[in-house]
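These notes concern the structure reproduced below.
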Amino acid sequence: MNLAAEAAVPEARDLFVSAIRTMIFEDVMAIYRGPDDAATRYLRQTTQTTLDRRLRPIINTHLNSVGAVRTFRQAIDQYNALPLVNPIDADLNGHVSGYAMNALFSQLAKEEAAIRQDPVKRTTQLLRTVFGFIDSDGLQIYYEQVGTGLPMILVHGWGADTQSNWIDTGWVDALKHHRAVISIDVRGHGRSAKPHAPDPYSYAAMSHDVLSVMDALTIEKADFMGYSMGSFMGAYLLGHYPERFTSMVLGGIGNETPSSAAQGSVIARALRATDPASIDNPAGKNVRRFVEANPNNDLESLAYSALKMWPEGYPLKIAGEHIGQADFPVLIVNGDQDYPYVDSADDIAAALPRARHKKLPGADHLSAVTDPLFKDIVIDFLNARKIVEDTSDVYGRRP
């Protein structure tokens, strides 16, 4: 029975991750402020019925393979044949399923309590994914971590999140075999806090979410990959904190033009329109549809971020005068139809000691994310880098 229970427990991982991804902010805060087993209680409440349904066929297969069901049934029949006893109809599958779930949630509660005492303790790969919130400038920031090896930070584009930018597009699955992938929902996006004010959405302020996650996980240095907004944040980081990174992939990046920078106001008006049918700007209509397609998006926070980010959209200015100190490999990737960014990306590469700019034929700003060639280029870039066997220089030095 113990072997049957152990074989069934891995089914819990996907259910737990799904439960986390459907959390609303109120759920997160209730866990954050709750007792030592608040997260465990949440997971049990939201997954127990489905988990029991998934465990039973696996348990039944294992019990039958060793004849346990037949032996148990014979024992029950012999008992029920005795005189003066109340007949019983025991459910062996149900017993083992309940045993497995009780053991699982008991262990999870112990590890949760340990993590609350020591927030950087991550005793299992499951808990690295489940307990994915840290504080950054007083804001709760969500992250997910999967894979093994050297750490790699992923930062999504504006209006997207970890799920839509990196998981649904296959990036996490592609990269987790090469790196320990830590994907972040930047403030204003996904599961993270969504302030209604402009200042939290400067590239300098948002970039601190990356550093806060790295510090919380005691990551001294990491590879970095951003797309669009995430790449502009990467520009800030390579210009101001180059010592924290070992390489960067910057996708969908380049200079705004005066007309494209002015789109921030157009986007904000479209997001704040009471009636979407009243939006008369085609670009505004498209952005409104794009944003509303993600149920985690908050229109007002994204309106504030658009007003703040678009006028700042000049990577060399964001990086500042010390950009040349980022002496590590940098790969810049744009669709060759990604205007206006593709026209100025060579200038960014020229400002860096070890950068190159690759173009994806026929791809624009949106289609580049799912272009298989993009993944091939990035994985080749990672594989070409010298792998440091001793990872003590990337983990464990931050307080």
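Values in this text are rule-based calculations from the coordinates and carry no lab data. Computed from a predicted model, the values in this text were never measured in an experiment. Every residue, glycine as well, gets a Cβ built from its backbone with ideal geometry; the counts of neighbours run over all protein chains shown.
At q = 0.07, 0.10, 0.11, 0.12 Å⁻¹, work out log10 I(q)/I(0) for the range 132-393 with the Debye formula, treating every Cα as an identical point scatterer and leaving solvent out; two decimals please.
Results for the range 132-393 at q = 0.07, 0.10, 0.11, 0.12 Å⁻¹ read -0.21, -0.45, -0.55, -0.66.
Go through the range 380-385 residue by residue and turn each phi into a ³J(HN,Hα) via Karplus (6.51, -1.76, 1.60, θ = phi - 60°); whole Hz please, and just put x for glycine and proline.
Along the range 380-385, the couplings run 4, 4, 5, 5, 6, 6 Hz.
When you count, for each residue, the other Cβ atoms within 10 Å and take the mean per peptide, how do 157-164, 51-58 rank with the highest first?
The most tightly packed comes first, giving 157-164, 51-58.
Using modelled amide H (1.01 Å from N, peptide plane; none on Pro or chain starts), what sits under 5 Å from the amide H of Val155, excluding residues fewer than 5 places away?
Met225, Gly226, Tyr227
Expressed as a rounded percentage, what relative contact order does the range 132-393 have, with Cα pairs under 8 Å and six or more residues apart?
Taking the mean separation of contacting Cα pairs over the length of the range 132-393, I get 19 percent.
Would you list Val213, Val266 from fewest to most Cβ contacts within 10 Å?
Ranking Val213, Val266 by Cβ neighbours within 10 Å, fewest first, gives Val266, Val213.
Based only on other Cβ atoms within 10 Å, what is the fewest-to-most ordering of Leu271, Leu150?
Taking fewest neighbouring Cβ atoms as first place, the list is Leu150, Leu271.
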